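Step one of this worksheet: look at the structure below.
Read-outs: derived from the displayed coordinates by stated rules, not from any lab. A quick note: this is a predicted structure, and the numbers were derived from the prediction, not measured. Cβ: placed from backbone, ideal geometry, glycine included. Neighbour counts: every protein chain shown.
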Amino acid sequence: MLIITGSLTIQAQIKYPDTKKQELTEDYHGTLVEDPYRWLEDDNSEMTKSWVKEQNKVTFDYLASIPFRDKVKKRLEALWNYPKYSSPFKKADYYYFFKNDGLQNQSILYRQKGLSGEPEEFLNPNTLNKEGIAALGSINFSKSGKYLAYSIAVAGSDWQEIFVMETATKKIISDKIEWTKFGGANWNGDEGFYYSGYDKPDERSKLSQQNQFHKVFYHKIGTVQSADKLVYEDKKHPLRYHGAGLTEDRRFLILNISEGTSGAEIWYRDMKEAAQPFRLLIAGFKTEPDVVDNSGDKLLVRTNDDAPNYKVVLVDPKNPDKKNWKTIIPERDEALQGVSTGGGYLFASYLKHASTRVYQYDYNGKLIREIQLPGIGSASGFGGEKEDKEFFYSYSSFNTPPAIYRYDIASGQSSLFRDTRILMNTENFVTEQVFFNSKDGTLVPMFLTYKRGLERNGNNPVLIYGYGGFNIPVTPGFSISNAFFIEQGGIYAVVNLRGGSEYGEKWHKAGMLEKKQNVFNDFISAAEFLIEKKYTSNQKIAIRGGSNGGLLVGAAMTQRPDLFKVALPAVGVMDMLRFHKFTVGWGWTVEYGNADTASQFGFLYKYSPYHNLRQGVSYPATLVTTADHDDRVVPAHSFKFAARLQEYHTGENPVLIRIETNAGHGAGKPTGKQIDEAADVWSFVMKNLGMTFEENPEAVSKQQQPESKLMKAMDKRSGDNKGDKKQKGF
């Protein structure tokens, strides 16, 4: 039965839509839980579609009424409009790299022959879909570079299709793979590739139904998908991920199995004995092992088994018991984030207080050198193929736009290959790292970036960002959108919350399952610290996070609505009792827990944002953001949270939801949509923090750096790029 709520009210002169309530109660282990907005979980119903339209009308009418919204968008467009490059990589005789002229919807893949060849357009995602909502997922070249397998996602969905191009002619051949998720093509020479996928879903519910029975297949080039060989399936465990790929020398086929986002099991097949079944290498699912490469007939594995900060060990597949492991790279005080290979060496990437450190080792574990990075920031891209003599890596920080460096593997010398020039004086930005005590006394780091000369007068606008989960670190990195907020006088604060990997597996486990509240306490303590130290006040703080970070914002604003003025939960997990029932949400139970389990229901219910909204509370000015094609965190989470928030909220702060169309969880979002959303979010933040818009404060480009011969060569263009210079994008 559906009844109309009393949420048709006027708050700050906003008339919210009527939202119906459903009389529905469930018994969770003796606790009765109401779920009056469950009907919003049906994204195909006409009632839900009508609700979305009505909510968007209210939201966009409000945003359009902000006097400086158009000026904010215009400034963002100007800032966004600069050339963006990826690090180049070599395949056969060509260097490949992505470039976006500035406002193209998607970056284009170029190639050039050698270091001084003329660049040519190789693959343009902007032409792959007539609506302009397609994006590249992964690109994987065959061993010789003869073929490229690339995946395409439409409207931001996790569902992808794989296509194959013959690189010499740039011809798309007939091979096509459908219904893949989480993983691209893992090549076997030039002959074919391994991939993971699901059975074809029901068309109506493909964006919401639970995904089960992830399988591994092998596709031989020149055949149809129906002829693909089933490599691995597990009929006893429908809720597991599976992925397979060969080591670089094609000696071993490695099968990775996981029950979710934490913990894995590894099996292998020695391709010298290809007829043999997979054999167990490392049993799951209490540790996080991953195979780095093989060294002859043995396997190098990064693991946190008895090493919460991770180490690298050599494992003999014929004698895989842990007692036989040989340590190659021992555990350090810093957390080892990953190990890559290139030129016959290992490159180990660590975090020290959330900043990148990289070391080069040989395969026996001898330390060759630490790679000297430009400063405290984030660097990535270390590695290539065994025969490579060089590779390119990128570096950036909160106040440093991305720069690309060329690394000589033999000498260890890095040279600037390309810097980034933007219409903003980022040299006027200051980044400092501070440490504060959380509720239980744990010392937590936080980065603050602001304009030079800032006064601690307790009145500065602040945006606090956090994630805090899934063993994912938040490290220094440049964002033109965040730089706009700093340019307007704001402080951008990033908190390295527990739940991430900044300090290894202990840091991760301290913020998961029954300890998840630690993450929210860290975030709340960060805000209290900033107030105590006179950076700001509770009337000047906005908080932001996406996905698991959306949950973070939802929990923080429901637990401490008095502490924040603005809340921006994006694509958040807001219903902690039902998240596992949709698409791949079951994979998060290892991180969060499962409400169907009596021992875990209690701590989930205690912080679940949707269930902890209270009648008559004045909540922060809130702009919930989600998208209609988000099949990672289905939009029902945000729909239900926003509906109840509008019902319960009192006071003058606006509480709105912005629902993007033809977009998903965030990956591959076209530039035009990114700019529109950024303009809406920053306008909302600035209005509700009492900020005014400053006209183009310091439009000074970054100091010019000398260009190398290779930089100049890659700047050359063939033709006018099919006239797409005026497209919005990236």
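For K21, nonlocal amide neighbours, meaning residues 5 or more places apart or on other chains whose placed amide H falls under 5 Å from its own, are I3, I4, T5. Listed by chain and number, the lysines placed with their C-alpha closer than 16 angstrom to that of K506 are K286, K311, K352, K515, K516; residues fewer than eight positions away on the same chain are left out. Amide H contacts of N188 (H built 1.01 Å from N, in plane; Pro and chain starts excluded): F193, Y194 sit under 5 Å, all sequence-distant by 5 or more or on other chains. Take the alpha carbon gyration tensor of the chain, find the square roots of its eigenvalues, order them as a ≥ b ≥ c, and report rounded if a/c is under 1.5; if not, report prolate when a/b exceeds b/c, else oblate. In terms of gyration-tensor shape, rounded.
Extension gain, H237 to Q210, is 8.3 nm, computed as 0.36 nm per intervening residue step minus the present C-alpha separation. Quick one: Kirkwood hydrodynamic radius for the range 172-321, alpha-carbon pairs, angstrom, one decimal? Taking the inverse mean of 1/r over all distinct Cα pairs, the range 172-321 comes out at 16.5 Å. Close Lys pairs in the range 63-144 (alpha-carbon distance under 12 Å; sequence gap of 8 or more, or different chains): 5. 3J(HN,Hα) couplings calculated from phi for the range 572-579 with the Karplus curve 6.51 cos²θ - 1.76 cosθ + 1.60 (θ = phi - 60°) are, in sequence order, x, 8, 9, 10, 7, 8, 10, 4 Hz; Gly and Pro show x. Taking every alpha-carbon pair under 8 Å whose residues sit at least 6 apart, the range 239-283 reaches a relative contact order of 30 percent. For the range 329-349, the residues whose amide N sits under 14 Å from a probe point set 7 Å from the Cα of K389 along the beta carbon direction are 343. A cut-off of 5 Å between modelled amide H atoms, ignoring neighbours fewer than 5 places along the same chain, links A627 with E660. Straight Cα distances below 27 angstrom link K20 to the lysines K49, K53, K57, K206, K581, K606, K640, with same-chain residues fewer than 8 positions distant left out. Specify which residue in the list W325, Y194, Q225 is farthest towards the positive end of the charge dipole of the range 183-335, using unit charges on the beta carbon of Lys, Arg (+1) and Asp, Glu (-1), about the Cα centre. Of W325, Y194, Q225, it is Q225. Residue exposure proxy: V224, V474, ordered by other Cβ atoms within 10 angstrom of their Cβ from fewest to most, comes out as V224, V474. Phi angles across the range 340-352 convert, under the Karplus curve 6.51 cos²θ - 1.76 cosθ + 1.60 with θ = phi - 60°, into 3J(HN,Hα) values of 10, 10, x, x, x, 10, 9, 10, 9, 9, 10, 10, 10 Hz, Gly and Pro given as x.
Extent along the principal axes, Cα only, for the range 245-373: 46, 31, 25 Å, with the longest axis given first.
Computed about the Cα centre, the dipole magnitude for the chain is approximately 960 debye when only Lys and Arg (+1) and Asp and Glu (-1) carry charge, each at its Cβ.
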